Number of protein chains: 2
Amino acid sequence: MSHPGATPSDRHKVVIIGSGFGGLTAAKKLKRADVDVKLIAKTTHHLFQPLLYQVATGIISEGEIAPPTRLILRKQRNAQVLLGEVTHIDLEHQTVDSVLLGHTYRTPYDSLIVAAGAGQSYFGNDHFAEWAPGMKTIDDALELRGRILGAFEQAERSSDPVRRSKLLTFVVVGGGPTGVEMAGQIAELADDTLRGAFRHIDPTEAHVILVEGAGQLLPPMGPKLGKKAQNRLEKMGVEVQLNAMVTDVDRNGLVVKYQDGSTKRIEAACKVWSAGVSASPLGRDLAKQSGVELDRAGRVKVLPDLSIPGHPNVFVVGDMMAVDGVPGQAQGAIQGGKYAANIIKAELGGADPATREPFSYFDKGSMATVSKHSAVAKIGKLEFGGYIAWLAWLFLHLIYLVGFKTKIATLLSWATTFLARQRGQLTITEQQAFARTRLEQLEEIAAAVEGEKAAS
Amino acid sequence: MSHPGATPSDRHKVVIIGSGFGGLTAAKKLKRADVDVKLIAKTTHHLFQPLLYQVATGIISEGEIAPPTRLILRKQRNAQVLLGEVTHIDLEHQTVDSVLLGHTYRTPYDSLIVAAGAGQSYFGNDHFAEWAPGMKTIDDALELRGRILGAFEQAERSSDPVRRSKLLTFVVVGGGPTGVEMAGQIAELADDTLRGAFRHIDPTEAHVILVEGAGQLLPPMGPKLGKKAQNRLEKMGVEVQLNAMVTDVDRNGLVVKYQDGSTKRIEAACKVWSAGVSASPLGRDLAKQSGVELDRAGRVKVLPDLSIPGHPNVFVVGDMMAVDGVPGQAQGAIQGGKYAANIIKAELGGADPATREPFSYFDKGSMATVSKHSAVAKIGKLEFGGYIAWLAWLFLHLIYLVGFKTKIATLLSWATTFLARQRGQLTITEQQAFARTRLEQLEEIAAAVEGEKAAS
């Protein structure tokens, strides 16, 4: 193990794990502090996750929502960005181990901000992932773009009506904001963008089904907005199934169990999973060493100052932290990252750790788009939907997008999509166009390698 | 085998293989003809190949240069776009076989336009491809983007000066337009875009080497422009090696042989291959059945009317055709596609096949960009370089880009890159960030599959 990049320094060492909203905000807030910041992340970019569904459905390019973290922090001379997957935190020796391409690096810290986020959860059925990719990373979005568009391409060539119907059925599992947005966008893609582009199939006959376990869509937003979103989706032809649990997923479809105990199999080639999240396994690592508790989603039940018991210099923020009343959204992560950075700065300036103010979350509201010109929003007790909510959504998301060029480019992409009914990012790779399932690929590749070995 | 999508029709059936400049132009030219056009291609997009290097180096998104072919032809009701890899042409029975995901489809034709293009050639050393990807497809460009940016990321973490130097050495093999453009862009990426973004390495110390077998860069453009391009590249810090043949490529570098017989090994993690092309293997299929000759690059030595002996209804155009004086560039393909379509139209209107005018190529000139604000151009006997050539390049490429939105988006991307020294498309996937070589992946995957089999 080695520790490159470390110019010996007496400055307070802050290590941040993760380049999402929590980690990036914390790094930026430390800009003027007399510290050495090392931000270690397993992607090279900061992902603006709320717009990931637009990458998956061909509205914007990955570059617009995932600029390189090191370019965002380029001018912050006290911060270094390092690519690597953190595999272990040693609370006793205050070090973080990360791995990149077979090399393991050990990085010491004085203060640590753990903001490694959450992945998709399949509730113990990880083998579903093969057939129903999640919606958490750029990789996921590009994979789904390939699968969605690939299904239409295959249907155009198929002469078997049963297979064609399976290829033109899209099931989105999970009725949260991402699920609602994906269902709406796949429907728009089929009805508008692809209309008239095929000769053998009619893409507007594509069938989009949104399956949600609860009794309404967008549960945290309350029944009124849930119903609004549902009505809008149904108007677009999306079939919404509530109180419906997915019990099995395979190559050709999935099985749904309803409240009355009945089950139904849906034949569908393309499935999207946005039903649950599971916090980074680094939470378990922290729990083992500090005794801190985790909730069911693997989130760390932090102290009121977002630290963990016995380690006031270790903060957990963002999707990894479990704090009552804080949703797993950008705002919670941003505020958590800011809070941790401010504590570090204050205490370097002489503040007493015993007098930390507890973290308090300010709810700026939440929103979800359903289709172009239609969204639902909840700000405090105010609930509204439709065009006004959509304009608010547009405005807020543009403001939060990182960088000037990105804003103009994204506005242009949206104008094209919303006004001209075109999408500028429908490109899929050759590998995707001819993709079989990963398992089939694995088997084929394994056979090839065996063959090579035998031949050599 | 089946033949879906075929509504029985008495109309003349034109099958076009390939969605590049040749195939797409032919399809469009047949818009008002009383024919059924089926365009079969192995990508879903039309690729504007001259700008592929900008995708590889993060200036533009893949969507900007690779719009779906079926959307370009959406309103042309007599044309159907089909995804599939053509595996066989049966000249006797006038059918084309194509494969998509294990299904084989047979499509009959009355007229056939073969425009399947060319791939990268490694001159019999196909195993080089593993370590030095070509620059022919969107897959190639995204792969190279990942390798180029990934090399900087790895170097930032490496404490070994030898490994760091290897990671920061980039070798481009082949001094044609693509090689010149790639070398220039990697240098600009390192010197401008990434400047100041690292703490442990200085990206401006990256070493870019351009290796060309001939005695000058851009051989077809003549010594004057070749020297101009070379001077400009050298000013940017690119090392140009002429009369240099690559004799071996492996994971860690490559071996170059010079005119005097001496050889030298260059340690370099990231290699780009743009040294040669090899026409689609469908040429061999045609040769076997018709006796038509192929040239060394596998191109079909077509008759003066671009057809093959004994099959006046089968045309070969674009990078697959060997016609004296026609370079393997967009213009040759566009003019070939147009010519073939016009013959089909004329003869459907009663023209006599015996009176076909031979194909004649109109040379509109050629150009290559070296860096921002600098290009070289040759139009007829006129040769010029520098800023004026660059403006001409900018203007021409914007005109040829397909679609209004794409033009504005691309202009915006270029403005950002050329004026603000930023690149909007530097995103790489997680898979790429942690990519080992494909061979390593294969071995790992094979082991995993073995493990799964053993466990089940």
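Could you check how many residues of region A:235-291 are assigned to a strand (DSSP E or B) and within 22 Å of the chain's Cα centre (by Cα)?
Adding up the residues that qualify gives 10.
Which of the residues that make up region A:339-372 are at pLDDT below 90 and closer than 19 Å to A:Met321 by Cβ?
Residues satisfying the conditions are A:Asp363, A:Lys364, A:Ser366.
Do the conditions hold for A:Ser280, that is, is it modelled with pLDDT of 95 or more, surrounded by fewer than 23 Cβ atoms within 10 Å (Cβ to Cβ) and hydroxyl-bearing (Ser, Thr, Tyr)?
Details: modelled with pLDDT of 95 or more: yes; surrounded by fewer than 23 Cβ atoms within 10 Å (Cβ to Cβ): no; hydroxyl-bearing (Ser, Thr, Tyr): yes.
Taking the combined requirement at face value, the residue does not satisfy it.
Which condition breaks for B:Asp139 when tested against (1) surrounded by fewer than 21 Cβ atoms within 10 Å (Cβ to Cβ); (2) part of a loop (DSSP other than H, G, I, E, B); (3) within 13 Å of chain A (Cβ to nearest Cβ); (4) in contact with a helix residue (DSSP H, G or I) (Cβ under 7 Å, 6 or more places away or on another chain)?
Here B:Asp139 meets the rest and fails (2).
In region B:176-217, what residues are within 22 Å of B:Lys378 (Cα to Cα) and in a loop (DSSP other than H, G, I, E, B)?
Result: B:Gly176, B:Glu212, B:Gly213, B:Ala214, B:Gly215, B:Gln216, B:Leu217.
How many of the residues making up region A:373-409 are in contact with a helix residue (DSSP H, G or I) (Cβ under 6 Å, 6 or more places away or on another chain) and at pLDDT 80 or above?
The number of residues fulfilling the criteria is 9.
Would you call A:Lys364 touching a residue at least 24 places away in the same chain (Cβ under 8 Å), out of contact with any His (no Cβ under 9 Å at 6 or more places or on another chain), basic (Lys, Arg) and surrounded by 17 or more Cβ atoms within 10 Å (Cβ to Cβ)?
No; evaluated as a whole, the condition is false for this residue.
Under the condition of being under 19 Å from the mean Cα position of the chain (by Cα) and in a strand (DSSP E or B), which residue from region A:311-335 is surrounded by the most Cβ atoms within 10 Å (Cβ to Cβ)?
The extreme case among them is A:Val316.
Can you list residue pairs whose Cβ atoms sit under 6 Å apart, with the first residue in region A:150-164 being more than 9 Å from chain B (Cβ to nearest Cβ) and the second being of a type outside the set (Ser, Thr, Tyr) and part of a loop (DSSP other than H, G, I, E, B)? Count only pairs 6 or more apart in sequence or on different chains.
Partner pairs satisfying both residue conditions: A:Ala151/A:Ala269; A:Ala155/A:Leu168; A:Ala155/A:Ile201.
From the list B:Gly328, B:Gly298, B:Gly337, B:Gly283, which residue is of a type outside the set (D, E, K, R), in contact with a Gly (Cβ under 6 Å, 6 or more places away or on another chain) and under 27 Å from B:Ile379 (Cα atoms)?
Testing whether each residue is of a type outside the set (D, E, K, R), in contact with a Gly (Cβ under 6 Å, 6 or more places away or on another chain) and under 27 Å from B:Ile379 (Cα atoms) leaves just B:Gly337.
Which one of A:Leu83, A:Leu39, A:Leu47 is in contact with a Ser or Thr (Cβ under 8 Å, 6 or more places away or on another chain) and closer than 30 Å to A:Val246 by Cα?
Answer to the check: A:Leu47.
Spot the failing condition for A:Leu189; the list is (1) modelled with pLDDT under 95; (2) surrounded by 20 or more Cβ atoms within 10 Å (Cβ to Cβ); (3) more than 22 Å from B:Gln76 (Cα to Cα), and only one is missed.
With (1) modelled with pLDDT under 95; (2) surrounded by 20 or more Cβ atoms within 10 Å (Cβ to Cβ); (3) more than 22 Å from B:Gln76 (Cα to Cα) applied to A:Leu189, the lone miss is (3).
Go through region A:270-299 and give me each residue that's out of contact with any helix residue (DSSP H, G or I) (no Cβ under 7 Å at 6 or more places or on another chain) and within 18 Å of A:Gly176 (Cβ to Cβ).
A:Lys271, A:Ala275, A:Gly276, A:Ser278, A:Asp295, A:Arg296, A:Ala297, listed by residue number.
Which of the following residues is more than 14 Å from chain B (Cβ to nearest Cβ), over 27 Å from B:Arg70 (Cα atoms) and not aromatic (Phe, Trp, Tyr): A:Ala187, A:Ala244, A:Ala206?
Checking each option against the conditions leaves just A:Ala244.
Looking only at region A:16-66, count every residue that is surrounded by 24 or more Cβ atoms within 10 Å (Cβ to Cβ) and touching a His at 6+ places or on another chain (Cβ under 6 Å) and tell me the total.
Summing the residues that are surrounded by 24 or more Cβ atoms within 10 Å (Cβ to Cβ) and touching a His at 6+ places or on another chain (Cβ under 6 Å) in region A:16-66 gives 3.
Could you tell me which residue of region B:417-441 is modelled with the lowest pLDDT, considering only residues that are closer than 16 Å to A:Gly102 by Cβ, more than 7 Å from every other protein chain (Cβ to nearest Cβ) and outside any helix (DSSP H, G or I)?
B:Thr437
Return a yes/no flag: does region B:261-282 have any residue that is closer than 30 Å to B:Pro312 by Cα and polar (S, T, N, Q).
yes
Considering only residues that are assigned to a loop (DSSP other than H, G, I, E, B) and surrounded by 21 or more Cβ atoms within 10 Å (Cβ to Cβ), which ones fall in region A:299-310?
A:Arg299, A:Val302, A:Leu306 - these are the residues of region A:299-310 that are assigned to a loop (DSSP other than H, G, I, E, B) and surrounded by 21 or more Cβ atoms within 10 Å (Cβ to Cβ).
Looking at A:Asp110, A:Asp10 in this structure, which one is free of Cβ contacts under 8 Å to residues at least 12 places away in the same chain, farther than 23 Å from B:Leu189 by Cβ, away from chain B (no Cβ under 12 Å) and not β-branched (Val, Ile, Thr)? Give the steps one after another, and end with the answer.
On the way: A:Asp110 fails: free of Cβ contacts under 8 Å to residues at least 12 places away in the same chain.
Within the list A:Asp110, A:Asp10, the selection yields A:Asp10.
From the list A:Gly261, A:Gly226, A:Gly222, which residue is out of contact with any Lys or Arg (no Cβ under 6 Å at 6 or more places or on another chain), buried (at least 22 other Cβ atoms within 10 Å of the Cβ) and farther than 22 Å from A:Thr169 by Cβ?
From the options A:Gly261, A:Gly226, A:Gly222, the qualifying one is A:Gly226.
Please indicate, with yes or no, whether at least one residue in region B:336-357 is part of a helix (DSSP H, G or I), among the β-branched types (Val, Ile, Thr) and surrounded by 17 or more Cβ atoms within 10 Å (Cβ to Cβ).
The answer is yes; a qualifying residue exists.
What residue, of A:Glu267, A:Glu212, A:Glu234, is touching a helix residue (DSSP H, G or I) at 6+ places or on another chain (Cβ under 8 Å) and more than 21 Å from A:Arg147 (Cα to Cα)?
Going through A:Glu267, A:Glu212, A:Glu234 in turn, the sole match is A:Glu212.
Do the conditions hold for A:Gly119, that is, is it surrounded by fewer than 20 Cβ atoms within 10 Å (Cβ to Cβ) and either under 28 Å from A:Ala27 (Cα atoms) or among the hydrophobic types (A, V, I, L, M, F, W, C) (or both)?
When the stated conditions are applied, A:Gly119 passes them.
So, in region A:28-77, exactly how many residues are of a type in the set (A, V, I, L, M) and either facing chain B (nearest Cβ under 8 Å) or part of a loop (DSSP other than H, G, I, E, B) (or both)?
8
Pull up region A:93-104, narrow it to residues that are closer than 15 Å to A:Val15 by Cβ and not β-branched (Val, Ile, Thr), then point me to the one that is nearest to the other protein chains (Cβ to nearest Cβ).
Filtering region A:93-104 for residues that are closer than 15 Å to A:Val15 by Cβ and not β-branched (Val, Ile, Thr), the one nearest to the other protein chains (Cβ to nearest Cβ) comes out as A:Ser98.
Of all residues in region A:383-416, which are surrounded by 21 or more Cβ atoms within 10 Å (Cβ to Cβ), among the β-branched types (Val, Ile, Thr) and more than 9 Å from every other protein chain (Cβ to nearest Cβ)?
Scanning region A:383-416 gives a single hit, A:Thr410.
Hey, A:Gly291 hits all of (1) free of Cβ contacts under 8 Å to residues at least 40 places away in the same chain; (2) surrounded by 16 or more Cβ atoms within 10 Å (Cβ to Cβ) but one; which does it fall short on?
(2)
The values are calculated or read from the model by the stated rules, or taken from the named source; none is laboratory data. Please read all numbers here as calculations on a predicted model, not as lab measurements. Glycine gets a Cβ as well: all are built from the backbone with ideal geometry, and neighbour counts include every protein chain shown.
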